[in-house]
Structure formats: structure tokens, C-alpha cells
There are 4 protein chains.
Amino acid sequence: MGIAVAVVGASGYAGGELLRLLGAHPTFDIVAATAHRNAGAPVHSVHPHLVSLGLTFAPTEPAALAGADLVFLALPHGESAALAAQLPATTRIVDLGADFRLSDAALWARYYGGTHAGTWTYGLPELPGQRELIKQADRVANTGCYAVATTLALAPLIAAGVADPDDVVVVASSGTSGAGRNLKAHLLATEVMGDLSGYKVGAHQHVPEIKQATGARGLSFTPILAPMPRGILATVTARPTGDIDAAGVRAVLAAAYDGEPFVTVLPEGAWPHTAATYGSNAAHLQATVDIDSGRIIVQSAIDNLGKGAAAQAVQCANLMCGLPETAGLSALGVAP
Amino acid sequence: MGIAVAVVGASGYAGGELLRLLGAHPTFDIVAATAHRNAGAPVHSVHPHLVSLGLTFAPTEPAALAGADLVFLALPHGESAALAAQLPATTRIVDLGADFRLSDAALWARYYGGTHAGTWTYGLPELPGQRELIKQADRVANTGCYAVATTLALAPLIAAGVADPDDVVVVASSGTSGAGRNLKAHLLATEVMGDLSGYKVGAHQHVPEIKQATGARGLSFTPILAPMPRGILATVTARPTGDIDAAGVRAVLAAAYDGEPFVTVLPEGAWPHTAATYGSNAAHLQATVDIDSGRIIVQSAIDNLGKGAAAQAVQCANLMCGLPETAGLSALGVAP
Amino acid sequence: MGIAVAVVGASGYAGGELLRLLGAHPTFDIVAATAHRNAGAPVHSVHPHLVSLGLTFAPTEPAALAGADLVFLALPHGESAALAAQLPATTRIVDLGADFRLSDAALWARYYGGTHAGTWTYGLPELPGQRELIKQADRVANTGCYAVATTLALAPLIAAGVADPDDVVVVASSGTSGAGRNLKAHLLATEVMGDLSGYKVGAHQHVPEIKQATGARGLSFTPILAPMPRGILATVTARPTGDIDAAGVRAVLAAAYDGEPFVTVLPEGAWPHTAATYGSNAAHLQATVDIDSGRIIVQSAIDNLGKGAAAQAVQCANLMCGLPETAGLSALGVAP
Amino acid sequence: MGIAVAVVGASGYAGGELLRLLGAHPTFDIVAATAHRNAGAPVHSVHPHLVSLGLTFAPTEPAALAGADLVFLALPHGESAALAAQLPATTRIVDLGADFRLSDAALWARYYGGTHAGTWTYGLPELPGQRELIKQADRVANTGCYAVATTLALAPLIAAGVADPDDVVVVASSGTSGAGRNLKAHLLATEVMGDLSGYKVGAHQHVPEIKQATGARGLSFTPILAPMPRGILATVTARPTGDIDAAGVRAVLAAAYDGEPFVTVLPEGAWPHTAATYGSNAAHLQATVDIDSGRIIVQSAIDNLGKGAAAQAVQCANLMCGLPETAGLSALGVAP
């Protein structure tokens, strides 16, 4: 027998990816897909790839979610808390927004503004001990897309004491779906194709989340918009605390992710390709040490809508519901 | 218990897509993935997205295929026959090449050159009666990518007598994976991105296959290379044999594909998007009648590596092996 | 001494291309660049590539155009007539909109709606006799982008009597800038990259313009949105009126464009690439006869913002002002 | 009267861009365009956008260059020296390769291998004093593409003493033309579109050139291949030597480039877009200070074939020949 799930904010890109994954999931059954402006419209009018699901957007109201055992919230940042408060305590929730990720209310206020809604279990199962916490949780705050790409690359190095947490520099490029389905001129195909550009340089809201998840203390983070629909490539560099070579860095990462179904430290010589993770829950990592400066360099690739949002959310939901962690998910990207 | 399958020519794009689909298939187990130049190399060195499969390319030799109950051949046109001749009669084969598609040896010689290898059961289950033939076949010739996009749009209209088979004009654009993994300058990213160009204009080798599958007698076919990795959008126009409007054309198509799991005649007003079929076995169709000329216009979208190659091949293999036709396949494209 | 020019609707893509060309033109001096919502904003805030021009958008009002000897109107269809009526009769005007292209008021009403504004000299210098008319005109209606791509391919064939004007089928794909700077979800980079899709299938507004310019009587026209910022590739097919081979078709085109600085019938074997015309006023043509159906096939490539809009407008303005026709223009595309 | 110039290695992407610029240059006349394998072929067979130039590739031999007053060498690294040695001392040369950029033979050996050919005047006119040296030089070593993007962002900050030269981290993404016209699978459109990936991570050959040009002592440089034909976006971060804010960093850059025709420090709030420099000789810069780590962040955008190669080479040639520095060049990118 299936478990009834609902997707709130299903007209966005993360919402659409949730519907795609849930529509093929062996246990979860979609009982509602809600939207604001698009309520009443067929899902295919927004997501042409989902036409064979035959769904219609319901309005985003608690009544529409009454039959759901588990609800995925894929709303703009700051809108999850109000809806979550109206759901029964027995309804499991995975929030793909930022509302419940941070434990420090002051940092929330600084980077997001408004009132801090609270703190839920952080939905990154590959962090030490986190998988067990997610299994026991009824409320999970899914990771930010840049945060998961950076954290998977950085956290083990700081935990192992090989990277200096005070001097971390990250430059990460994202496909355009990371900006959501917003009607802004700089997101038009005409202006994006053939273009790379930075945005929110020096002040991105994922910085406190990354610091909280990794233990980094000094973090320079530069996000870049890249001309592709999906994918994040994060280049994480850190000053080593002592003598270490590429093999040493790789060994730390390999130990951290031994047995993980979705995180792969690539064979030596292979560097991550975002396209290799497209549509999947995979994260690919590779590392070296710069021959000139001696800095540690780790690159990680994920699909921002996959491991960076919807697939990660399904992974958490699987854990919360006692299902196999990999149910309905794949580590094989759709490429080329 | 699983069914052992092998992929010959696994280093190509269709071969890689077969491995991706088979790697997640509930019944088929990959026992061999063969290649020529890449024999002995890890599969991820060619297909980074398949790193978690942990496979290595075997040499393309009959011995490597000994354990396979079913073999997929994904070789360049003209190379399948020699290998097929070396396989036991009890080994089922799906050939993704063109070798066994045509029934007319003279047409083979004109469009492909060389000796005609023979004719196998044509692997397009949605043609009337063809599904049953595939179920009984041990040898299936998978469709050409342009051929399936065009045939799905055109065959029902000619069969129903509403389209004149003597005046069909098709212009179809394909993503670059349709050209294979060939190291040619005009396929380099630098030259393709931002570019559309025709090729083999007026003389494409899929013309006789389309005529054979649809009953068209006069067919102008123009293929175009489009700046995207996958996807075919075919615009099929035909002179109507009598009075017909858009609703009438749509009704013919809807009747032909009623109940089909992978072919969708889109709701009125929605036109096919290739991206909506990406990574799937879906085909999307829409039709109208030109207000100026009165010509019937049907557009169809598929993934050239999906319904146009690998996913279609798995669909045929499912039928040949008595499995559910949809096993391991999806009608949901990976988008955006 | 320079000639003062103004660009009305300079915040759009065609407007931006006009500013780029005029900013480097040897004779024309930009005295005003107007916009509606963006009036008062620096031009670089909309067109980052024009930052070194140091311009600011003026409001779209007759007063802002007072100092201009020639005005380019790059407004949405239907908005040119009202503004043109407020300009002095001595001010030369090139209208990039559709308002004054059609001579048949009924066709205007059918395809565009509203009141027909009138008919100006049609701005396609390569049509027989048209160059002289443009030289003498004070008001020129610049061509539609699809219309110029199709007309250059088709008009000589109908004029020479080799193509049947009653059975013309055109399928043309355009880069996204052809849709303008409209904030619509289907034009977002996330949804366009990797996607081809048809739109306005069977009823595009350039059909009457093409028929008027070419003499075609039965015209099926299918436009497709392609994942690239600029460029149109038109595939024009027509039934031959008699025996003709590829060389014959090529000879007709070569004769028509002999000596033209911007239209090139490509050497045999080379097919047009849209990228080869990027940023230029070039049009590239190639032709063949289909070996199966015997239809004539001509492909043409242009930059929809170049020969399809802004560069063509400058070409016309050069003629109107008695300047060298090629002043400030190039036939060399910016590629790759 | 014109100055006769030749392009050696004209079949590559930088060679093609040189031909495009020189074909429209007011003073330089192309007397030879040479190639190896393509000698004897029409230039349009390799560069379809240059069809109207009507050129044919000559063989790469000194005899073909006899009539040239100035020769541009656009050869693979390591091949310039041998040819340069065969040219008369009176023939001016601009080498777009790396052969003569480095002053330290040991660094040449470490990063490029083989014998160090020597050191020519470094072709970056915007460096203090460099413009005068170029004017007097007969031999100029054009900059590397990553080097110019990084150096323009970094050199003034180190020269002004505001950035610590021992802790510089650069992550730079390049369009695929930076990899040249090499027939490698990872450069195929099918594999690049939708993909970002690192390469030569931790050991790129432009590191010693950047250090030499900027005075940086500790430099971590990570190059990334981006899915676009042209453009480099470099993110340069450095630890500040003292208290400095974004305005302070911007003031240093603005002072360094005051009056420069091709380098623009963007207005506050605007970040560089590679597309805005496409086809031009422009470099766009913007800077800030990270609110978390306090690091200086400068982003620079150039066209790797423009300011990063061919346009920069023409700028140097203009200076060497006593022409206006901006002759035949534009600061206006071709966008969108």
C-alpha cells in the first residue's frame, strides 16, 4: 500500500521535479499538487514533460493537503512557516525552502530578513550522524542547493582537520533553474545563452548555512549564473593546515563517503561534470592540491534540482518513512 | 530472476543510454558492455554519468556475449550483420542500426551502399499489428530516429486516407547526439552552439524507411542539426485528400494512439517540446490545418536517444521477453 | 558632418542592435535613444554590451526626436503609426514594425487586428527595382525577419517561373530574440535551452507579407523557436514547374543576387549556418532538388536582428540618405 | 595606402577571428592566410562566416609571408619560434602563442616543457608603461586569454598595495573556443551543452604568466570549461592588506583604467557579463568585498578570442604600426 504525499508549490521547477520523481516512485502516491496562480490549471500547461501524469493544480490550502501523510513544501523562502503551522503534527513535512535551516536567528535576519521561523532537522543524510536524525524526524529542512554542493566537498576536510576553516574560498556556478521560474529579463534565454555572470557576489544567503553545516569560519562565496538549465559546479579551495597532497585529500573524502549510494569520489584523473548528474541524486567529487599555492581544491557537481533540491527531499522522505533510502531515486545522470 | 543482456557498441551515445536504462531495469541484468577502441577502459571514462555502475568495456567479440540471453547492437550502420551472424539463433537481438530495417534491397543500396543484410521485424510497436509481431520475434530492427518521429505523425493520416501520400514535406531538426560520437569539426561545441544548419538536404537515408513504414509515396525530407544534445522535432505537412479541419486531424491521431503508454496527442493548444521528452520513451504529437494553404501540419517530438533509439529498443526487448512493455521505461521527460 | 538619428524603442533587442550598429557608424550620430518604462535609466542597465556608449534612455515622445534627421522605430506592432503621425514630414523614418508593410488592409486586419495604418516602401533592397524606390523614399517599412529569410530564398524562383507559387511549404526556426524582450515563462533560459517547439503553427502573421513580396499564392508556414539567441534558418520547398536540377535552381539564385554585397549563394556543397551570419547583415543561401520527391529545397540563413531587423534598417537608411549602401555594416558574421 | 599583413594558423579559431577583424580593418590588408592541413582549401570551408572574403588558405611557409609587413602567428604553443626565426628582422610579428611570453626559462620548462624560445615585449597595453614598449617593439608576445582576464582584475590591486600577493585565488570559466579547434570527444557539442567541468585543476600553464604580469606570489588558479562558444569570466579573490571596502577597491581599478578605450570598470551594482564582450576587444570589471570573509572579489569578463587573443593582437599591431590604437576594433560586444 502506498503512502500519500502532496507537493505544495508544484508549479515551480523544484515542484515539477518532485512530481516527476514521485510519479515514478514505488511507494509514494501523489494525492495533491498545489499552486497559487496556476490553481485549477492542468499540470502540463506549466510542465509539458508531465502531461502523461494527468494532474491538475489544486489551490495551496490546508484542505487540499488533508489526505497526505507527508507534504513537500516547495515555496519561496519565508512562505513555508505559515503553511506548516496549519498542518497536523502527524503530517510529516520536508521543506525545500530556507525557513527552517538555520539555528541562528540573527543570521536568518541578516541574510533573509524577517522573523526566524525555527530550526528543523537538517536534511543532508551524508553528514555524520545526520541520517539517524532524519529517520526519527517528522520535520526536515532540506538543504540549499549551493550548500549541499559546498558542504559535501568541504565538511569532511574541516572535520578531519586538514583544511583551515578560516580561509575557505568557494566559487560556484549554477544552471538557471536555481533562480526559479521568475519572469525577469536577465533570466530570458536570449540573455543567458552564451553568457556567464556573477550575482549576489560577496553576500549570498547560503553562506551561513554552509558555515553551520561545515564548521567553516571564514568563507568567501561567489555564485555565478551559467548558461545551462541545471547543475552546480562548486570549486572549493581551502588552505591546508599541514602537509597534504592530492592523495591525502582524496583519502579523507573517500573515507567520508564510503558506502554512500549517491556520493562518488571520482577515480583519479576524472573531474566532475554537472551533466553527469543531470536528473539524478548523484554528487560527484574530485580533489587536488594546487602545485603553485599549495591550496586544497575540491570540485563537486550536483543537479541543483536533484541532490540540490527535489531528489534530496525524496531521499529524506524515504528515510523518514522507513523506506529504502534509494527508493525512486537514481545515481545515474541523464547524459549526454 | 533476471534476464542477461549485453550492449554491443556501448561507448556510443545510444549505447550509453542503453546502459543507463538497463542499469535501472527491474529484470534485465547487464552482463557485457562492449566497445572497439575503448575495450578495457572503464565505462565512466567515456560516460561520466555511469560511474556508479562500475562497468568496464569488453571487446566486441562473440565470446564476450556468450552469457547474454538478449543482445542490443548499437553499431554504425552496416556493421551489425556480420556480428549478428556469429550469435546463436537462440540469442534474441535488437539491432539499433539500419542494417535490417528495409525490405527493399535496391533502396538499401541506393541510400546506404553495400550489400543488403536482410529484413527483420520492424521495431515500432505503435504501428497497427506490429506489437504482436515484435512479441513473437527473436530478431528486431529498431527504428531510425527521424523515422519514428515522422512515422508516428504521418502513418495514421495516410492509413485513414486523410493525407495525400504523394505530397508529403517533412522538415525535422535533431540534437547533436543523433550524429553520434564522431570527432568532426562541425560537431564541436564551439561550432554548434548558437547554430542551425541543414545537412544531407534532399537525400537522407531515413526516407525509404519512412516511406516503407507510412505508405508515403512522394516525400521531401530535410534534416537540420540543432544546438541541443538530444531531441527531434519533426514538422510533417501533407496535402489533405478532402475537407478536414484541425479537430479532424487530431481525431485520427487520437484514435490511432488511444491507450498507448508512450505516445501522447497533446491537449488542444499545446505544441510539442523536445525538452519534454528528454531521457524518456515519450512521443508528443499535435496537429492543425494551415489557414492559408489548407495543408495538414503535424509536429512530433521525441528524444532521439529515447523513443528514437535506446528506450524504444528496451520497449521492444520487453515485448520480446514477455515482460510488461513499460518495464524500466518512463513517459516522463527530464525537464527543464 | 554627421546625420542625426534617433532610435525609438531602444530598450528592445532590435533597438539595442540598432544602437550597436549606429554607435560605430561612420556618418550617423545617435541623438536620442528612447524607451517607455526604462526612460531615464542608463542604456547599459538594459544592454550591458553598450556600456561604453554612455547613453541614457529618453522618453518616447516627439520632443525627444526633434533633433533627428532620421528616426528608426523599433516598437511593438501597431504602435508605430501613432508616433509617425507626430513627426515632421521632413524627418525620414524607417519602421521596424509591421504597421506599414502590407498593402492589403483586409490581410492586416486578419493577421494583426486593428486598423491598417497604410503602406510604405518595402525595405528589401535586393528585390528587383526596390533599391531605387528606397533611395527615393522618406518612409520605409523594414521587412519582417521570417519574411526576409523566406523571400530571399523564394522570390527569384517564382519570378523565374521555376517554382509553383501554389504549393510552397516553409519551415523556419528562429533564435529567441525574435520573440522580443517579453517576460514570458516559455522564453526563460531554463525552458528554452535544450528545447525546440513550434508556435503559431499554421497561422503566422508573416504569411501575407511573404506572399506579397514573393508572389506565392499557397503558402504553408511553420515557425519554430530554437535554443539560440539569434538566427533564422528557413527551409523553403516548392514544387518545380518543370524539369530542373540543383544546378538550375542555383543558377536562378546566383543570377538574382549577382553583385549583391550582403546576399551570398554559397559554393556548392556548403549549406547555410545561422552562426555564420551572427551580428551581420549577411544572408546565406543554398539549394538542391530532393532526390525522392523532386521538390526544390532552398535554405537561407540570416541573423534575425541583422538582415532580419536592425542591419537591414541601417542598409535602408544608408540608401535613403545617399550614403554607401554598406556603410557601417558587415557581411562577416561573428563566429564561432 | 594599406599595410600588408598575414595570418599564420588562420584555420584555428583565433586565426579566424583575426581574419574577421582584419577583413574590416581600415588600414591592414590581408595578403596571406596560412594553414597546415587546410592549405589549398577555401577559407569558407573552415570558417563559413568568412565566405564573402573569398580567401584561400596558403601553406604555412616563409615564402607565403614574403609580402607581409606584419605577421600574426596563431599557432599551437611551441610552434611559433621556429617560424619566427625564418622571417626577416624587418617583419613585425605578433605571436598569439605562449612561446615568448615568459621571462623565466625554468617556468617555461615546468609548465610547457621543451626549450624556452626567448622573451618578447608583453602585449598588454593597459599595464603601466607597457603601451610605450609595444609602440617601439617589432616583436610582441600577445597575452594568454586567462592571463589577460586575471591580470586586468588583479594587477592594479597588487600594485596599489591593497591586495596580499601571497593569497590569491582565481576561478575562471572559459567558453569552448579557448580549447581550440581540437577534435576531442569532451569538446563535442553533445557533451558540452548543459555541462560545466574543471580541467588542468591546480596546474594551469597561465599561472606563471599571471604571476609575472601581476606580481602575485601565491596563486591558486582553477579553469572551468563552460557551455558557450566564447567568453571568460574570472573571479579573482585576494586577502586585503588592510581595511578596505568595495568603494576603495573600485577606486583603485577606476584610477588604473581611467581613459582606457577598452577596459571599463562597470557602474556600481552591475556585474560583468561575458556576452556583453562577445566579438569585441572590451574588458568589463566589477569589485566588492565579501561581507563574511572580508576578501576582495573582482570579476572580469572578456571575449577569449577578442581581448583574450585576436582583438588584443590587432590592438598591439595598431600600436606597433603607429595607427590609432582603436582602429578596426570595437568596445561594443555583439549581444544578445
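The values are calculated or read from the model by the stated rules, or taken from the named source; none is laboratory data. Computed from a predicted model, the values in this text were never measured in an experiment. In this analysis, Cβ positions are derived from the backbone assuming ideal geometry, glycine residues included, and neighbour counts consider all displayed protein chains.
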(request) Scan the range B:154-188 residue by residue and report those that are in contact with a Leu (Cβ under 6 Å, 6 or more places away or on another chain) and of a type outside the set (Ser, Thr, Tyr). (result) B:Pro156, B:Ala163, B:Val168, B:Ala179, B:Leu183, B:Leu187, B:Leu188
(message) Pull out all pairs, ordered by first then second residue, where Cβ-Cβ is under 9 Å, the residues are six or more apart or on different chains, the first lies in the range D:238-255 and is in contact (Cβ under 8 Å) with a residue 60 or more places away in the chain, and the second is among the hydroxyl-bearing types (Ser, Thr, Tyr) and assigned to a loop (DSSP other than H, G, I, E, B).
(response) D:Arg239/D:Ser293
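Going through the range D:88-101 one residue at a time, which ones are assigned to a loop (DSSP other than H, G, I, E, B) and among the β-branched types (Val, Ile, Thr)?
Initially, the range D:88-101 is screened for residues assigned to a loop (DSSP other than H, G, I, E, B), giving D:88-91, D:96-101.
Scanning the range D:88-101 gives D:Thr90, D:Thr91.
I need a count of the residues in the range B:271-288 that are of a type in the set (A, V, I, L, M), under 26 Å from C:Val170 (Cα atoms) and out of contact with any Pro (no Cβ under 7 Å at 6 or more places or on another chain). Step through it out loud before you land on a result.
At the first step, the residues of the range B:271-288 found to be of a type in the set (A, V, I, L, M) are B:275-276, B:282-283, B:285, B:287.
Add one more test, that the residue is under 26 Å from C:Val170 (Cα atoms), and what stays is B:275-276, B:283, B:285, B:287.
This time we only want the ones that are out of contact with any Pro (no Cβ under 7 Å at 6 or more places or on another chain), so: B:283, B:287.
Qualifying residue count for the region: 2.
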(message) Any residue that is within 14 Å of chain A (Cβ to nearest Cβ) and under 15 Å from the mean Cα position of the chain (by Cα) - is there at least one of those in the range B:311-318?
(response) yes
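With respect to D:Ala282, is the statement that it is touching a helix residue (DSSP H, G or I) at 6+ places or on another chain (Cβ under 6 Å), touching a residue at least 12 places away in the same chain (Cβ under 8 Å) and of a type in the set (A, V, I, L, M) true? Walk me through how you get there before you give the answer.
On the way: touching a helix residue (DSSP H, G or I) at 6+ places or on another chain (Cβ under 6 Å): no; touching a residue at least 12 places away in the same chain (Cβ under 8 Å): yes; of a type in the set (A, V, I, L, M): yes.
Against the criterion (touching a helix residue (DSSP H, G or I) at 6+ places or on another chain (Cβ under 6 Å), touching a residue at least 12 places away in the same chain (Cβ under 8 Å) and of a type in the set (A, V, I, L, M)), D:Ala282 does not qualify.
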(message) Looking at (1) buried (at least 22 other Cβ atoms within 10 Å of the Cβ); (2) over 12 Å from D:Leu319 (Cβ atoms), which one does D:Tyr111 not meet, given that it meets all the others?
(response) (1)
(request) Within the range B:238-250, track down each residue that is within 11 Å of another protein chain (Cβ to nearest Cβ) and either closer than 24 Å to B:Asn281 by Cα or in contact with a His (Cβ under 9 Å, 6 or more places away or on another chain) (or both). (result) B:Val249
(message) Looking at (1) surrounded by 16 or more Cβ atoms within 10 Å (Cβ to Cβ); (2) in a loop (DSSP other than H, G, I, E, B); (3) at pLDDT below 95, which one does B:Ala68 not meet, given that it meets all the others?
(response) (3)
(message) Given (1) within 20 Å of the chain's Cα centre (by Cα); (2) closer than 25 Å to C:Thr151 by Cα, identify the lone condition not met by C:Arg92.
(response) (2)
(request) Working only within the range A:251-282, note down all residues that are among the aliphatic types (A, V, I, L, M), out of contact with any Asp or Glu (no Cβ under 6 Å at 6 or more places or on another chain) and within 11 Å of another protein chain (Cβ to nearest Cβ). (result) A:Val265, A:Leu266, A:Ala270, A:Ala276, A:Ala282
(message) Please go through (1) away from chain C (no Cβ under 14 Å); (2) over 21 Å from D:Ser220 (Cα atoms); (3) in contact (Cβ under 8 Å) with a residue 40 or more places away in the chain for A:Gly231 and return the number of the only condition it doesn't satisfy.
(response) (1)
(request) State which residue is surrounded by the most Cβ atoms within 10 Å (Cβ to Cβ) when the search covers only the range C:274-302 and only residues that are within 24 Å of C:His25 (Cβ to Cβ) and of a type outside the set (A, V, I, L, M, F, W, C). (result) C:Thr277
(request) Of the numbered conditions (1) of a type in the set (Phe, Trp, Tyr); (2) out of contact with any strand residue (DSSP E or B) (no Cβ under 9 Å at 6 or more places or on another chain); (3) closer than 30 Å to D:Val265 by Cβ, C:Phe57 fails exactly one; give the number of that condition. (result) (2)
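A quick yes/no check of all residues on (1) assigned to a strand (DSSP E or B); (2) out of contact with any Cys (no Cβ under 9 Å at 6 or more places or on another chain); (3) among the hydrophobic types (A, V, I, L, M, F, W, C); (4) surrounded by fewer than 16 Cβ atoms within 10 Å (Cβ to Cβ):
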{"residue": "C:Ser11", "(1), (2), (3), (4)": "no, yes, no, no"}
{"residue": "C:Leu19", "(1), (2), (3), (4)": "no, yes, yes, no"}
{"residue": "C:Val31", "(1), (2), (3), (4)": "yes, yes, yes, no"}
{"residue": "C:Arg37", "(1), (2), (3), (4)": "no, yes, no, yes"}
{"residue": "C:Ser52", "(1), (2), (3), (4)": "no, yes, no, no"}
{"residue": "C:Gly78", "(1), (2), (3), (4)": "no, yes, no, no"}
{"residue": "C:Ala81", "(1), (2), (3), (4)": "no, yes, yes, no"}
{"residue": "C:Gln86", "(1), (2), (3), (4)": "no, yes, no, yes"}
(request) Within the range C:283-296, count every residue that is touching a Lys or Arg at 6+ places or on another chain (Cβ under 7 Å) and more than 7 Å from chain B (Cβ to nearest Cβ). (result) 2
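Does B:Thr121 qualify as being buried (at least 23 other Cβ atoms within 10 Å of the Cβ) and β-branched (Val, Ile, Thr)?
Details: buried (at least 23 other Cβ atoms within 10 Å of the Cβ): no; β-branched (Val, Ile, Thr): yes.
When the stated conditions are applied, B:Thr121 does not pass them.
Are any residues in the range B:192-223 within 14 Å of chain D (Cβ to nearest Cβ) and surrounded by fewer than 24 Cβ atoms within 10 Å (Cβ to Cβ), and if so, which ones?
Step one: filter the range B:192-223 for residues within 14 Å of chain D (Cβ to nearest Cβ), giving B:192-199.
Answer for the range B:192-223, where residues must be within 14 Å of chain D (Cβ to nearest Cβ) and surrounded by fewer than 24 Cβ atoms within 10 Å (Cβ to Cβ): B:Gly198, B:Tyr199.
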